[in-house]
Amino acid sequence: MLEYAWLIPVFPFIAFILIALLPKRTLGWEDGCGYGIAGAAGAFALSALVVWEVINGRTLLPEDAPRFTWLIIGDISVTFGIWIDELTALMLVVVSVVGTLVVIYSAGYMHQEGVTRRRYYAEIMLFISVMYGLVLADNYIEMFIFWELVGLCSYLLIGFWYERPSAASAAKRAFIVTRVGDIMFMAGIIILLKYVGTLDFVTLFDEGGTQAVPADMMTLATALIFGGAIGKSAQFPLHEWLPDAMEGPTTVSALIHAATMVKAGVYLTARSYPLLVQSPESLMLVAVIGGVTALLAATCALAANDIKRVLAYSTISQLGYMILGLGAGGYLVIEASNPNGYTAATFHLINHAIFKALLFLCAGSVIHSIGTNDMRLMGGLHKKMRITSITMLIGALAIAGLPPLSGFWSKDEVLAAVWHAGEFDWTFTLLWVMGIVTAFMTAFYMFRMWFMTFAGEQRSDFHAHESPKTMTVPLMILAALAMGSGFALFIGDGFKTFMEGSIHGLLQGVHHESPMDVAVEIFTDPLTYVSLVLAIAGILVAYRLYCMPGFDRSVFAKGFPGKVQRALENRWYISQFYDDFAYKIWYGFSLVADAFDRYVIDGVVNGFAYLGANTGGKMRKAQTGNVQRYASLIVVGIIALLVFMLYVLPWGGW
Amino acid sequence: MLEGVPIISIIILMPLIGALITFGLGRYGRYARYVALAFSLVALVLSALVAFVFVVEPDSSSPGYHDGGGFFDYQFYEEHTWIEALGIRYIVGLDGISLPLFVLTTLLSTLSIVFSWDTKLRPKEYFGLMLVLEVGVLGVFTTLDYFVFYVFWEVVLIPMYFMIGVWGGPNKDYAAIKFFIYTHIASLALLIAIMAMYFQAGANSFGMEDIWRAGQTEFARMFQIGVFAAAFFGFGVKLPMVPFHTWLPDAHVEAPTAGSVLLAGLLLKMGGYGIIRVAIPTLPLGADALQLVMAVIAIASILYGAMLCLAQKDLKKLVAYSSISHMGFVLLGYATFTQLGVTAGVFQMFAHGLVTAVLFMMCGVVQHHCGTRIIQSLGGLSKKMPSAATMLTIGFLASLGLPGLVSFAAEFMVFVSMYETWGLWLLLPILSVAITAGYYLWALQRSMFGPLTKEIDTSDVHDIDWFEGVPVVVLIALIAIFGVFPLLLFQYIDPAAVTVINLLGLPGGG
Amino acid sequence: MINIEYWLIFSSLLFAIGAYGVLTRKNAIVVLMCIEIMLNAANVNLVAFSSYYTTLHPGLGADASGQVFALFSIAIAAAEVAVGLAILLEVYRRYQTIDVDKINILRW
């Protein structure tokens, strides 16, 4: 069964081809949505089978995997295959569930877009297809290829409403910024290729593969590969593209910029674990980047007024958590042979994918209904949009980390892992503090958003209505999943045991924790209650500030709080810095280069041409037109030549 | 199949006969395009047949096989004496390096003829010159005799000069003369190199193989360095390499679209072909001594070209500068002196030929439909010409090295070989990947996206015409096919690249 | 038989006189005549070498090609004069002069 997993991306790809190339009449329902749902559902069904196999303990052996030879040059051969282990299965769940639901949801959300829907569905299908490809890749080049292709789809879909200058600009920005990360990724795998001679995971993650790379090169290579994750998963300092990417349709934000593509960076980091644990320095980099990003993005979310931007910053922040968890988890693996950080981060990955997709789709439902993103113009929607409001509340509670919703379990696990890593390096304790502050902020801004949107009085003139069934049903499914997915910790052998399978080779001695042990550990750990209390405090503060009447928010406009507020609204000026860097410094530099090219280099060329023409102009004056003068010159010339040949040359010895 | 058939000569003759007929059409000039298309199509089909029959790992039973005895092994080899006293022979043949370029030549010529279907100004001469150009380029890529090589090399200049000078833009006189003189000076350097090799070898033969064989004992190190420098200059100007590149943007901006396609798609490849066929294998010690110079120039071309693109206001000039940047990859691949790098360099030539043809054709479409190529005056054209915008986007994406499209494999392999040879200096050229994305997407954003421009009259802007769309679609299909299956081409190039590397390792005498 | 040097000296003088005339005289007809003198100097050389051929190269046998060449040269000189005079006539008709200093359109 597993060797047919390569068919998973084929379904959506066929749908993409059909939607892109079929004549207009035959596109059918919603300009191709039918094909889209069929393609996504086919992939979903096959993914489900694959995941079921993996849950039953079967993984694909490399020699059974079908292979496609892409390149052979000399001793370098690049072949593509599929790689299926627990981590792949996890991503397959995310992509198939969210992908299918988003396509169904799109039927309602994109309804009024008219003929351009065809482009939309084609691009979405292409995205789903290449995202599966990325997940199934069994070597770094294959992964990199799909990595770039998901970036392309992201570019195309952010710029879906290309006639809006902001959308066109955001699309470009997203592509270029992630490409900076991609460069590092590429450089990293090139380094590995030189030392190991292949990029297949099976060789690379083997004892022989990891030992072939010198330690300092391994640090460099893993840090560079992680650079790819920084770009794709929008980590500091390359995180500013993600909030801008909200220019795309909300479905795109939910699918690509919350649930799947931005997870690719986390997936890459998790996938590279056998390499990363060779290099504590890289792990430290991973953890610090994750922690800083989590906190920084959370602060930016505090003051955002655009509902999608709040969610975007929240996504960055949560991705930071996962990265932090992976970094800390690596230390745990090295020092204590303890997979908790890894399992926690991957658990957070799947939980976050579900509740963040839910939140985005709820936001989409709101935007679809009232036609604005600005939360200052919303308010009081709870009465008009019950389903959206309740499902979004579930999502907000999940991300805030209240039990028994999914976010509670995984976030707590991540923070616990970071705390434990603190035993081996004090930096992690610092990062833990940052994480816990982030947890408080998360609860606050999520409920600030919910209160501003759904509670209180209507603040502008709009006519809200509940969204159609195609939109609310996916919301309800996702809400149910968000409530339930946390319990994966306790089903069967438990999620942790399951995920351990993918880094099995890195752990010395197996120590199975039964689900009961996990539960006991969580509820006896005082840290659990610290984060719980902080989350509830965040919600209460948000309630006090944004829902209870009688609080004057104008204090945020003056003095020091005002300065902070403006800094937050301007995203710590990082975005502005990048703009200035790109448009003033870099573009200015290119203008200088252009002038240099035009006036100096081409000037020299034209100067030579002018010199030639000018000398010629001077020299032609010698042509007097007097034939006798010419003849005299000929005679003089002949005489000179004769003298030279008869006397000078013999004298010189020739 | 094709045993004993002088197939290459036939293919070269096809456009030549076509050109003669086209010139001689007299008052039936309006049929010139049909004649030109017919003959170039025949050449294309025959060359595709040659590619089909070409054997990846040839042995003596392969059609027209010629064992180079250490030098390149050719297939479809033909040899006739022309001027015996001077050792000038007409020798043609194909190997893994020339085959892709050979097919590329017939392909791009045919597509350019289709693309210029509605040329109104002196069609006889226009299509005739295109065919003459095809003859010249085909000759350069197949001939194995320096003298004939040089003749073909010069033949190429003349039609291109007229194409720019007659069918060009407003500043065509300046561009045409600059193109001609600049590249001609480079040709002189090449001529000096050829003559020096001929006389120093003393084999009374202009044959590449004979000169190489004699050169192993006759060419001293200093001689090789000097001659290599001259030949490298001669080929490098065509490539073009920084700082000898300024003829290129001027020529492109003024040239008609088909002229630009052929100029960037084929003429630039002649430089890259010459370096790998002539300069490096015959003068290994010179190449070795100047390896670093080549690498520095390559990296400078890549980065400097990319930076210049960012500043361009004219869409076509942007594409022209991007050619400088991308041909830098070719040189960089060669300069690594690795099998991987040489293979990737040749593949990059092929890839760039396809991609840049799409880009220049799309610039032509924009010019043709909107009347201007100035990026600031464009904007929002996606609404008016969605197919054209899609094709331009695909072209840009292919050019910026998107995986799955043809340039990626080449660029990636160049980077790998660069790392093998120079380690972390890799980080310099790899920067260009981001810059390239930057200038292309920025140009795309300003010209195709955003609100519809008000600076030009867009009321009668319509989508792409069939004769413009067909060549572009064909090219895009090839770009995708070779992007997904680069091995289709790599397998041909690889053995020839091995030969190059072996030749570099041979003792060069002196 | 007189020495060949005398013939050569004679022809050199003749050539020098002709060259002097070509370079200094203003009248185009005279210039043309001087060119004829130079040609004849060459003819003298040809004939002289031809008649001394057997003396200079004993054992090679007689060879009259020098004399034949002289005859050729005379014939060609006649044709040349015809053409030259025709040109001069045309020049005179256009410029009303045959002074070579005045006819200087052959310049930049």
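The values are calculated or read from the model by the stated rules, or taken from the named source; none is laboratory data. The shown structure was predicted, so the numbers you read here are calculated from the model rather than taken from an experiment. Positions of Cβ are backbone-derived with ideal geometry, glycine not excepted, and every protein chain shown enters the neighbour counts. With ligands, DNA and RNA removed, areas are computed over all heavy atoms of the protein, side chains included. Shrake-Rupley method; radii C 1.70, N 1.55, O 1.52, S 1.80 Å.
Some notes on this structure:
- B:Met197 vs. criteria crowded, with 22+ Cβ neighbours inside 10 Å and in a helix (DSSP H, G or I): yes
- Condition met for A:Ser590 (touching a residue at least 12 places away in the same chain (Cβ under 8 Å), more than 14 Å from chain C (Cβ to nearest Cβ) and not acidic (Asp, Glu)): no
- Matching residues in segment A:561-587 - criterion: being within 14 Å of chain B (Cβ to nearest Cβ) and basic (Lys, Arg): A:Lys584
- Selection status of A:Thr388, surrounded by fewer than 21 Cβ atoms within 10 Å (Cβ to Cβ) and of a type outside the set (Phe, Trp, Tyr): no
- Residue count, segment B:333-368 (criterion: open to solvent by 20 Å² or more (accessible area, probe 1.4 Å) and at negative phi): 4
- Restricting attention to segment A:623-654, the residues that are within 14 Å of chain C (Cβ to nearest Cβ) and open to solvent by 70 Å² or more (accessible area, probe 1.4 Å) total 9.
- Checking A:Val213, A:Val150 one by one, the residue that is crowded, with 24+ Cβ neighbours inside 10 Å, more than 10 Å from chain B (Cβ to nearest Cβ) and out of contact with any Pro (no Cβ under 7 Å at 6 or more places or on another chain) is A:Val150 and no other.
- Condition met for A:Phe428 (at pLDDT 85 or above and in a loop (DSSP other than H, G, I, E, B)): no
- Meets criteria (over 30 Å from A:His463 (Cβ atoms), free of Cβ contacts under 8 Å to residues at least 60 places away in the same chain, under 25 Å from the mean Cα position of the chain (by Cα) and part of a helix (DSSP H, G or I)) for A:Trp409: no
- Members of segment A:177-190 found to be more than 12 Å from A:Phe144 (Cβ to Cβ) and surrounded by fewer than 23 Cβ atoms within 10 Å (Cβ to Cβ), listed by number: A:Val180
- Residue selected from segment A:121-138 under the condition closer than 28 Å to A:Glu63 by Cβ, of a type outside the set (D, E, K, R) and more than 13 Å from chain B (Cβ to nearest Cβ), by the criterion surrounded by the fewest Cβ atoms within 10 Å (Cβ to Cβ): A:Leu136
- Filtering A:Val414, A:Val418 for residues that are within 21 Å of the chain's Cα centre (by Cα) and part of a helix (DSSP H, G or I) leaves a single hit, A:Val414.
- Identity of the residue in segment B:438-469, away from chain A (no Cβ under 14 Å), under 14 Å from B:Val366 (Cα atoms) and in a loop (DSSP other than H, G, I, E, B), that ends up least open to solvent (accessible area, probe 1.4 Å): B:Val461
- Checked against (1) open to solvent by less than 10 Å² (accessible area, probe 1.4 Å); (2) out of contact with any Lys or Arg (no Cβ under 8 Å at 6 or more places or on another chain), A:Trp241 passes all but a single condition, namely (2).
- Filtered by the rule that a residue be open to solvent by less than 60 Å² (accessible area, probe 1.4 Å) and part of a loop (DSSP other than H, G, I, E, B), segment C:65-108 gives C:Thr97, C:Ile98, C:Val100, C:Asp101, C:Ile103, C:Asn104.
- For A:Glu466, the requirement of being modelled with pLDDT of 85 or more, among the acidic types (Asp, Glu) and not in a helix (DSSP H, G or I) is not met.
- For segment A:21-46, residues that are in contact with a Gly (Cβ under 9 Å, 6 or more places away or on another chain) and either outside the structural domain of A:Tyr121 (by TED's automatic domain parsing) or touching a residue at least 60 places away in the same chain (Cβ under 8 Å) (or both) total 6.
- Only one of the numbered conditions (1) surrounded by fewer than 23 Cβ atoms within 10 Å (Cβ to Cβ); (2) at the interface with chain A (Cβ under 7 Å from one of its Cβ atoms); (3) in a helix (DSSP H, G or I); (4) not charged (D, E, K, R) is violated by B:Ile435, and that is (2).
- Scan of segment B:470-495 for residues that are out of contact with any Phe, Trp or Tyr (no Cβ under 9 Å at 6 or more places or on another chain) and open to solvent by less than 10 Å² (accessible area, probe 1.4 Å), ordered by number: B:Leu475, B:Ile479
- Residue tally, condition over 16 Å from the mean Cα position of the chain (by Cα) and of a type outside the set (Lys, Arg), over segment A:283-325: 21
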